[in-house]
1. Go through A:Leu202, A:Leu249, A:Leu227 for me and flag whichever is modelled with pLDDT of 90 or more and crowded, with 17+ Cβ neighbours inside 10 Å.
2. Within segment B:309-337, which residues are part of a loop (DSSP other than H, G, I, E, B) and touching a residue at least 60 places away in the same chain (Cβ under 8 Å)?
3. Looking at segment B:65-77 only, could you name the residues that are facing chain A (nearest Cβ under 8 Å) and in contact with a strand residue (DSSP E or B) (Cβ under 6 Å, 6 or more places away or on another chain)?
4. Please return the ranges of strands (runs of 3 or more DSSP E) entirely within segment B:181-231 where 1 or more residues are under 8 Å from the mean Cα position of the chain (by Cα).
5. Keeping to segment B:82-106, report how many residues are among the hydrophobic types (A, V, I, L, M, F, W, C), part of a loop (DSSP other than H, G, I, E, B) and either under 23 Å from B:Leu161 (Cβ atoms) or more than 9 Å from chain A (Cβ to nearest Cβ) (or both).
6. Any residue at all in segment A:61-84 that's hydroxyl-bearing (Ser, Thr, Tyr), surrounded by 14 or more Cβ atoms within 10 Å (Cβ to Cβ) and farther than 18 Å from A:Pro213 by Cα?
7. Working only within segment B:199-255, note down all residues that are buried (at least 17 other Cβ atoms within 10 Å of the Cβ) and of a type in the set (Val, Ile, Thr).
8. Which residues, counting only those in segment B:1-39, are buried (at least 23 other Cβ atoms within 10 Å of the Cβ) and either of a type in the set (Phe, Trp, Tyr) or not in a strand (DSSP E or B) (or both)?
Amino acid sequence: MRGAAALALGLLLVAPLVPLAVWSVARGWFFPDLLPARLTWEAWSAALSPRSGVPQALALSAGIAAASALLAVLVGLPAARALGMRRFRGSGAVRLALLAPVIVPGIAIVLGLHGLFLRLGLANTVPGVILVHLIPTLPYAVLAMAGTFAGLDPDLEAQARSLGARPAAVLRHVTLPAILPGIVAGGLFAFLVSWAQYALTLVIGGGKVVTLPLLLFSYATSGRNDLTGAIGILYLAPGALALVVSARLLTGRGAGLATMHATMRAKVRA
Amino acid sequence: MTGLRLEGLTARYGDHAAVAGLDLAVAPGERLALLGPSGCGKTTTLRMIAGLLAPAAGRVLMDGADVTRHPPERRQAVLVFQSGMLFPSMSVEQNVAFGLRMRGVPRAARRDRARAMLARVRLDGLADRRPADLSGGQAQRVALARALVLEPRLLLLDEPLSSLDAGLRDEMRELVLALQRESGVTTIMVTHDQAEAVAMADRIALMLDGRLRQVGPPEALWHRPADAQVARFFGGVNFWPGRGDGTRFDCALGPVPCAAEGPGLLTIRPEAVRLDAAGPGALPARETGRRFLGAVTRLRLVVGADGGEVIADSPAPPETITQVTLPRAALHLLPPP
């Protein structure tokens, strides 16, 4: 029963990607042929050569997503702590306000923001794009981290203080290990959300900051199905990787990471 | 060994004073129980001693030195939480060694001391376990070992036994007492259970509504409560308002022979009421109900013409009861309500 469900889910997730994979190695694939006439790696070698702009876009996308995720985690940490550990007047409203960017379309905000970014000299720059990506990434990061903070007993930190730990030591030895799964989850979410941004990048980047989605879109609309297939698969890679990593680290109710950390240290010592 | 003094210690939550002007001195090496119902401010007081909560007013002094403004990590007053509060990402040994690590004790030395301490709480084999794999009693013992390995100036115990079931509770109580005697550490424990306080403490400080009501050895609070509320907290059930003239006390029971003088509330512990002897001062009584409580049977008796009620606990009550004796030495006069 569970095997059948897993199979169905796998088919549902993987099946739509099969034509993409076939396109990336096809040469002359016309209706009504079930498979292309010839298979070739041409599209892949084209996509991976610097002339296509794909390696640069891949690196830029990864850099922007990583920077945006890091910022989202750093900026979101205090908010996540407050939302997760305290019940205060208006905490429901704050939670809703944090979620608002998920509900309100980014394009609606970014057209207004564009003027501001122009004045600040942030339009058409990579830092500007990183900053604007905080709009959609921050809610995911905060909510993912608030969940682990909710499971952290404030007395655990009090206990560490009582045993002689200074605040910095408490953070390092007690708080961080306890919330690490949430930080990883929040960071991964933020990375993927940033990775998938199209409209925000287009408006604030002004076409000067060419990330992978922008490149993918331009190849897809120019009719290069083989290149689109190859780039599409490259575009999916971090998502699949993130899924595997988070599944391995976050199952076992957040204890997985700490246990892994400990067993690794034990091995190093032995 | 460290002495502790609290002067006018006050804690406020909003407008409500959770602890109001508490004055208390604890002698070096003493075991003091802060006893009271939940919400009386005893845990708040313990947190202020530990430095985890800043008092709104008042001072905390250790050996005469004011530590009110010291952060918790500088006080060496280690709080052991009710739930153990073990660090989940560390092994049992790492938990016990945590405080030593914070003090900069080298790895080998803290390992040896942690292992030795674990042996003293009889958990030798569990050093490499994770807290999640321990039972409640084991976790509590690890928490105790983690505090005692530091040889703290003050040991602060928050409800040390109340999360354990009855059998474990006796075992843990003996262990805590043995370790405390061995180390001689000044100990303050918070509990809502008067039996626990009586069994473990040299002195009890009873708190009600944020104020100290009576401080003294367990026997004093048990036999000579300061007022009816204190008496009720220790299981007092017999209270008769009236007036005494030095030889007898007039109340709902009729004239009761005793040395009480002036108006007040006469009380006697239920187990001190005698049902057998028809000695001098016996009062005619009629039984109206009995209930088996295990170690004793609780009897409700009507005494005197005015229908005054006496409640008596007896391990083996006679079949029929016709009289009760209230031994003079066991009678105690409380201030009028």
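The values are calculated or read from the model by the stated rules, or taken from the named source; none is laboratory data. On a predicted model such as this, the values are computed, not experimentally measured, just so you know. Every residue, glycine as well, gets a Cβ built from its backbone with ideal geometry; the counts of neighbours run over all protein chains shown.
1. Just a single option satisfies the conditions, and that option is A:Leu202.
2. B:Leu326, B:Leu331, B:Pro335, B:Pro336, B:Pro337, listed by residue number.
3. Selection gives B:Ala77 alone.
4. The strands (runs of 3 or more DSSP E) meeting that bar are B:186-191, B:203-208.
5. Of the residues in that region, 4 qualify.
6. No, because not a single residue in segment A:61-84 is hydroxyl-bearing (Ser, Thr, Tyr), surrounded by 14 or more Cβ atoms within 10 Å (Cβ to Cβ) and farther than 18 Å from A:Pro213 by Cα.
7. B:Ile204, B:Val215, B:Val230, B:Val237
8. Once the filter is applied, which keeps residues that are buried (at least 23 other Cβ atoms within 10 Å of the Cβ) and either of a type in the set (Phe, Trp, Tyr) or not in a strand (DSSP E or B) (or both), segment B:1-39 yields only B:Gly36.
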